[in-house]
Amino acid sequence: CGDGAIARVLEQVGHVVVSTDLVDRGFGMPRQDFLMERQLAAPDVITNPPFKLADEFVLHALGLGARKIAIFQRTAWVEGDARFRTLWRPFPPVRIWQFRRRITLWRGDDAAPKSTGGAIPFAWFVWERGYTEAPRWGWV
């Protein structure tokens, strides 16, 4: 959950949020390794996982029975034959929400964050249990 940037927005619009993180960054429940969990703390999973572990996060959440999963990830994540065979073909997302502009990511404790536009395109990838059609692509 990092510094709570995603969780706080969800709470502000009325969602009940369970926040966990492997590292203690002063927000949520620290020292919780999602990939080692045997049961979900909530029915839906919304996360910005380490990019190299995103496949494992989705597959683990699906294996635990998550109702919905939303992963913030680089748009290039859709590429690759191996990922297509292990993730996209057997478990297609219901929706991919592409950011219209490239956004800048910065640490929440940065005293002078800049929002001039980043170099990497990002999207939200969303799964819903039982969905098997081709993903719909939209923009935010």
Practice problem: Provide a single number: the residues in the stretch 1-13 that are outside any loop (DSSP other than H, G, I, E, B), open to solvent by 70 Å² or more (accessible area, probe 1.4 Å) and not polar (S, T, N, Q). | Solution: 3
Quiz item: If you take the residues in the stretch 118-138 that are open to solvent by 60 Å² or more (accessible area, probe 1.4 Å) and of a type in the set (Gly, Ala, Ser), which one is farthest from GLY65 (Cα to Cα)?
Solution: ALA119
Quiz item: Among the residues of the stretch 14-24, which ones are part of a loop (DSSP other than H, G, I, E, B), over 21 Å from GLU128 (Cα atoms) and either touching a residue at least 24 places away in the same chain (Cβ under 8 Å) or open to solvent by less than 60 Å² (accessible area, probe 1.4 Å) (or both)?
Solution: ASP21
Quiz item: What number of residues within the stretch 29-55 are more than 23 Å from GLU128 (Cα to Cα) and open to solvent by less than 40 Å² (accessible area, probe 1.4 Å)?
Solution: 1
Quiz item: Within the stretch 4-55, how many residues are more than 30 Å from ASP81 (Cβ to Cβ), acidic (Asp, Glu) and under 15 Å from the mean Cα position of the chain (by Cα)?
Solution: 1
Practice problem: Return yes when PHE91 is of a type in the set (Phe, Trp, Tyr), open to solvent by 60 Å² or more (accessible area, probe 1.4 Å), in a loop (DSSP other than H, G, I, E, B) and at negative phi and no when it is not. | Solution: yes
Quiz item: Does ILE46 meet the test of being in a helix (DSSP H, G or I) and touching a residue at least 40 places away in the same chain (Cβ under 8 Å)?
Solution: no
Exercise. Collect the residues in the stretch 94-107 that are part of a loop (DSSP other than H, G, I, E, B) and closer than 14 Å to VAL58 by Cβ, keeping them in residue-number order.
Key: VAL94
Quiz item: Is it true that PHE27 is aromatic (Phe, Trp, Tyr) and without any contact (Cβ under 8 Å) to a residue 60 or more places away in the chain?
Solution: yes
Quiz item: Out of all the residues in the stretch 96-126, which are within 17 Å of ASN48 (Cβ to Cβ) and at pLDDT 90 or above?
Solution: ILE96, TRP97, GLN98, PHE99, PRO121, PHE122, ALA123, TRP124, PHE125, VAL126
Practice problem: Answer yes or no as to whether ILE69 is at pLDDT 95 or above, in a strand (DSSP E or B), under 28 Å from VAL16 (Cβ atoms) and β-branched (Val, Ile, Thr). | Solution: yes
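The values are calculated or read from the model by the stated rules, or taken from the named source; none is laboratory data. Source: prediction; values computed, not measured. In this analysis, Cβ positions are derived from the backbone assuming ideal geometry, glycine residues included, and neighbour counts consider all displayed protein chains. Keep in mind that these areas ignore ligands, DNA and RNA; they rest on the heavy atoms of the full protein, side chains included. Shrake-Rupley method; radii C 1.70, N 1.55, O 1.52, S 1.80 Å.
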